[in-house]
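Below is one structure; the comments refer to it alone.
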2 protein chains.
Amino acid sequence: MYLMMVALTAMTAGAQVVEDFKPASTNQEGKEYPMVNSQRMVRAQISAPEATSVKLDIGGVKYDMVKNAEGVWTGESAPQDEGFHYYQLNIDGASVPDPGSKYYYGASRWGSGIDVPAADEDFYTVKNVPQGSVNEVYYYSTVTEKMRHCYIYLPAEYRENPGKKFPVLYLQHGMGENETGWSAQGKTGIIMDNLIASGKAVPFIIVMDNGLNAIPAHPDTTQSQPPFGFPGMRPRPEGQGGQRPQGEGPRRGPRRRGGGFNGFQEVLLKDIIPMVEKDYRVIADPAHRALAGLSMGGMQTHMITLMNPKMFAYVGMFSGGTFRTEELQDAADFKSTNKVLFMSCGGKENMGVDQAAEALKALGINAYSYVSPETAHEWQTWRRSLYQFAQLIFK
Amino acid sequence: MYLMMVALTAMTAGAQVVEDFKPASTNQEGKEYPMVNSQRMVRAQISAPEATSVKLDIGGVKYDMVKNAEGVWTGESAPQDEGFHYYQLNIDGASVPDPGSKYYYGASRWGSGIDVPAADEDFYTVKNVPQGSVNEVYYYSTVTEKMRHCYIYLPAEYRENPGKKFPVLYLQHGMGENETGWSAQGKTGIIMDNLIASGKAVPFIIVMDNGLNAIPAHPDTTQSQPPFGFPGMRPRPEGQGGQRPQGEGPRRGPRRRGGGFNGFQEVLLKDIIPMVEKDYRVIADPAHRALAGLSMGGMQTHMITLMNPKMFAYVGMFSGGTFRTEELQDAADFKSTNKVLFMSCGGKENMGVDQAAEALKALGINAYSYVSPETAHEWQTWRRSLYQFAQLIFK
């Protein structure tokens, strides 16, 4: 029965499917499906005896699945890129998580994710090397006047060498993601433990916070806007954006993007960095402080480091655009503070990071670019970007 | 339209439904459904335009949901107990997580959970008090010869007072759950931070590991069985259970309950406790070491403390049965080591913890019992049990 069904779906897809599917590493313990084969096709399966239509929804495409006599639906996608992808199932019009996968926060929802094996997956595989830890922390924000939630990676040496202080990287997620992304999808702790064990990176702390839900209780109307525009950030007419007149009190109702986007700078400078420098053994100076982020987090890094040019010696933008020469040619404070300016993207994105780095080098900036082979605006690009960036900083 | 539909489902249920539903605290950020009302009824909603049957599956009952003209299904459950419940939706025969909820590991799967407000929820609500952290840790197990994964709660004072050493509670989950349960569903860190801040508990470390996946690579056939039987543990004929003959090599294939259940003792004693006492500032003696667990974790606590009577001064069994007088009356080592023996259950369970504690007190044991009002074999019982137990230990 099983073999017959497989043959059927393969024929339906009209393509030569290699039958070497294995359970994905992101599956729930003991779950056989979803599977991935050597062509990087994803095969999902779910029992839905009374359904009339079940689809696998991955990479922006909905693939029809096929029902067998027992009411079990099976189907596979076209080949996917290496690395992590969000996906879901659609059952008679309902988009739901796949009960076979673990769940991740992205696309503004907790839902299914799948890791497609990659040639270079060794760098984010758990190994028997000295292990740091990823610490879940609540703290009070004076800006939002609420408790906030973040994750802090501490290297193994933080525990082993209690007299030592460490540099800190503040590392931000993208639009529709949250503070869980870098550890869960990004595998930050695993990448860092492996890098440090191999001597490729020095030990440092990484703080992963939420860059979207930072809504100031009392918006600061005196704070100036960044000197240049940013991709995805349109200038806002007075009274419509993040700069609400004082006296209106805290913003109510659904979160708006602008508020969190700009509010994050205030929370980072007034709450997160002071909390980290108070509670952890940190070298609290710009030369030992880095800011980086992916996509929206890269744009936030761009804005915040321009607005606060003497705060961070190391700057990383992963699929978050580029710095332009006109932004930095006269930026004396930025140039005298900055030690590394890193810009990366996926090979399937076209962000001009190589050209931007060349132009910035001509200004005397220690600029680096990195292009992740054969990946798009997804986590494999950002895992690799962290792997590269971490080897350049605090050295 | 909305009001009409609500009226319809209320009539369908044939009961007076109070229309004061609010989004659950366990919802994904920004998601309106599921909701709970003041009668503790759960109302779910999902868009499934082509479905012919959608049900809300909670507390062992499947409640029919009703479709409106837009293809959105809505329906509610009977009143639920206060506290946390696992649940799922069923769409045309497919059991899937509700896209509105956050996800938790229980019933051997990641799936939906909902917190029904409780009169006493203050003790597990995040507050602006000194905050500890919950640390995600990987470590190498010499017993399983694999990397393992656990969570370690460190109180705020662990960070603030770097010269101080702390007692440790090893705290185990139940059948079908894993090392994430005590922190996520159990709210361990929040309960402890609040208890310590109010002076009701002394600061201590809590280690939360996986009690089911501990399969020794080379099973130890010399280890004796516990002297008495345990609920849920049937004696196994030779060669069928946890004691496989040497020379067969590591167990392959799906995990069997017996292996992990017994293997956990070996992993706890040979890997977890040594790792914690090496890597953390711990008072490494029996007087500052506690073992507790819920349900299966309580049974493991029962077995392990009987088998290792001089290891743990504090013992807690939450909905995990009771110690019997015949087990302890001649147990000189256990009695001379033990300082508190705590047994609890839900008021809707019938575990005889009060009678058991009375009988053990007559043996000179400092036994305590606790019955959680109006709750069953669920997390509200165990949150309350931790809250009670934590106030009794290391004092």
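The values are calculated or read from the model by the stated rules, or taken from the named source; none is laboratory data. Just so you know, these numbers come straight off a predicted model, no measurement behind them. Positions of Cβ are generated from backbone atoms using ideal geometry, with glycine treated the same way; all protein chains shown enter the neighbour counts. The accessibility values were calculated without ligands, DNA or RNA, using every heavy atom of the protein model including side chains. Shrake-Rupley method; radii C 1.70, N 1.55, O 1.52, S 1.80 Å.
Tabulated values for the structure
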| quantity | calculated |
| --- | --- |
| Copies compared at A:D279 - label distances in nm, ascending, label defined 7 Å from Cα in the Cβ direction | 2.0 |
| Cα centroid separation - region A:300-344 against region B:43-120, whole Å | 47 |
| Straight-distance crosslink candidates among aspartates and glutamates, where the alpha carbon sits under 18 Å from B:K361 and sequence neighbours closer than 8 are dropped | B:E326, B:E327, B:D330, B:D333 |
| Other protein chain Cβ atoms within 10 Å, averaged over every residue that makes up A:96-102 | 5 |
| In region B:320-395, GluC sites (Glu not before Pro) in a DSSP loop with at most 15 other beta-carbon atoms within 10 Å | B:E374 |
| Per DSSP, loop GluC sites (Glu not before Pro) in region B:50-93 with at most 15 further Cβ within 10 Å | B:E50, B:E70 |
| With DNA, RNA and ligands ignored, accessible area of B:Y105 (1.4 Å probe; Å², nearest 10) | 10 |
| Semi-axis lengths (Å, descending) of the ellipsoid that matches the C-alpha gyration tensor of chain B | 39, 24, 21 |
| Solvent exposure of region B:154-195 as accessible area per residue, Å², 1.4 Å probe | 26 |
| Inter-copy separations for A:G30, label at 7 Å along Cα-Cβ, nm, ascending | 3.5 |
| Over region B:248-395, volume per residue of the alpha carbon convex hull, in Å³ | 138 |
| Heavy atoms of B:D120: accessible area, 1.4 Å probe, square angstrom to 10 | 50 |
| Antiparallel %, DSSP beta bridges [both residues in the protein assembly as shown], to 5 | 65 |
| 19 Å reach of a label modelled at B:E50, 7 Å along Cα-to-Cβ, counting backbone N of region A:37-52 | A:44-52 |
| Part-to-part distance (alpha-carbon centres) for region A:371-387 and region B:281-297, which is given in Å | 43 |
| Neighbour net charge for B:K31 - beta-carbon separation under 10 angstrom, K R +1, D E -1 | -1 |
| B:L363 paired with A:K395, simple spin-label distance in nm, labels 7 Å along Cα-to-beta-carbon | 6.3 |
| Contact order normalised by residue count of chain B, Cα under 8 Å, 6+ apart, percent | 12 |
| Nearest-10 value in Å² for the accessible area of A:V340, using the 1.4 Å probe | 0 |
| Label point distance in nm, A:S38-A:S108, each placed 7 Å from Cα along Cα→Cβ | 4.2 |
| Per-residue average of Cβ from other chains inside 10 Å of A:273-282 | 1 |
| Helix-derived mean residue ellipticity, 222 nm - over chain B, DSSP H n ≥ 4, -39500 (n - 2.57), to 500 | -6500 deg cm²/dmol |
| Label zone at A:N350 (point 7 Å along Cα-to-Cβ), backbone N below 18 Å, region A:359-395 | A:371-378 |
| Peptide-level mean, for B:126-139, of C-beta atoms on other protein chains within 10 Å | 6 |
| In nm, spacing of pseudo-spin labels at B:E277 and B:S198 (7 Å Cα→C-beta vector) | 3.4 |
| Hydrodynamic radius (Kirkwood) for the protein assembly as shown, which is based on Cα pairs only, to one decimal in Å | 28.3 |
| Charge tally in the Cβ shell below 14 Å around B:V207, where Lys, Arg are +1 and Asp, Glu are -1, B:V207 excluded | -2 |
| Flagged links, alpha-carbon separation over 30 Å, of B:K31/B:K348; B:K187/B:K339; A:K278/B:K127 | B:K31/B:K348 |
